[in-house]
1. Could you run the Karplus curve 6.51 cos²θ - 1.76 cosθ + 1.60 with θ = phi - 60° over region 19-25 and give me ³J(HN,Hα) per residue in whole Hz, x for Gly and Pro?
2. Quick one: net charge around Gly17, please, counting Lys, Arg +1 and Asp, Glu -1 for every other residue with C-beta under 11 Å from its C-beta.
3. So if the hydrodynamic radius of region 1-148 is defined as the Kirkwood radius over C-alpha pairs, what does Stokes-Einstein give as its diffusion coefficient at 10 °C and 1.306 mPa s, in µm² per second?
4. So, R0 is 22 Å and r is the distance between the beta-carbons of Ser99 and Asn27; what FRET efficiency does that work out to, to 0.05?
5. What full-extension length gain, to one decimal in nm, is calculated for Val77 and Glu14 as 0.36 nm per residue of separation minus the Cα-Cα distance?
6. As an exercise, use a Förster radius of 30 Å and the Cβ-Cβ distance of Glu37 and Glu69 to find the FRET efficiency, rounded to the nearest 0.05.
Amino acid sequence: MTKKRGFEIVKKYEGKGINLPVRQTKNAAGYDIESAEDFVVPSIWKFGFFNVLKFILNKGKMDNDKLAEVQKSIKPVLVPTGVKAYMQEDEVLILANRSSNPLKRGLAIPNGIGVIDADYYNNESNEGELFVQLINFFPIDYKVKKGERLAQGIFINYLTTDEDEGGLKKRNGGFGSSGI
């Protein structure tokens, strides 16, 4: 039987107690994605939020060094999962925030969803490991525990246009590489 879609543990995390994603109920659409290790998601307030307010109030006037410091301090973090996903060529894995994350933990996926393409699987850069991109808008750091459920993975089919020729280039990297 040919495998259609599913999850595997990446080599780096083999034997380290990583759980493959599962659906919690019979009618759940999403597979719960867990953290592969303890991880701290820093509060955006901790480092540079007030500097961002200064930047806005000064109508964008800030020296380049200070601006770079602000941008670095409030950027999202990538939480490792230790798993990768395989799927059919006309499918995509959507990573969606768990509904309890913003309310209980102050965590959000900053771009709304994560899009995992079929050709991300086993890429040369990171073996296709899934990462959950998070930002913490609560006033204190959030300490993620290994095995904590952070996102839901939902496999879906997608459609292409009549004139689509299948993409212009081959994937040559890992996270964020298809847009480069």
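1. Values, residue by residue: 8, 6, x, 9, 7, 7, 9 Hz.
2. Cβ neighbours under 11 Å give a net charge of -1.
3. Working: Rh = 17.1 Å.
Once the numbers are plugged in, D ends up at 93 µm²/s.
4. On the way: r = 15 Å, r/R0 = 0.70.
Computed FRET efficiency for Ser99 and Asn27 comes out at 0.90.
5. On the way: separation 63, 0.36 × 63 = 22.68 nm, distance 2.31 nm.
The Val77-Glu14 span can extend by a further 20.4 nm.
6. Values: r = 27 Å, r/R0 = 0.91.
Computed FRET efficiency for Glu37 and Glu69 comes out at 0.65.
Read the figures in this text as sums done on the coordinates, not as results from a lab. Source: prediction; values computed, not measured. All Cβ positions, glycine included, derive from the backbone under ideal geometry; neighbour counts span all protein chains shown.
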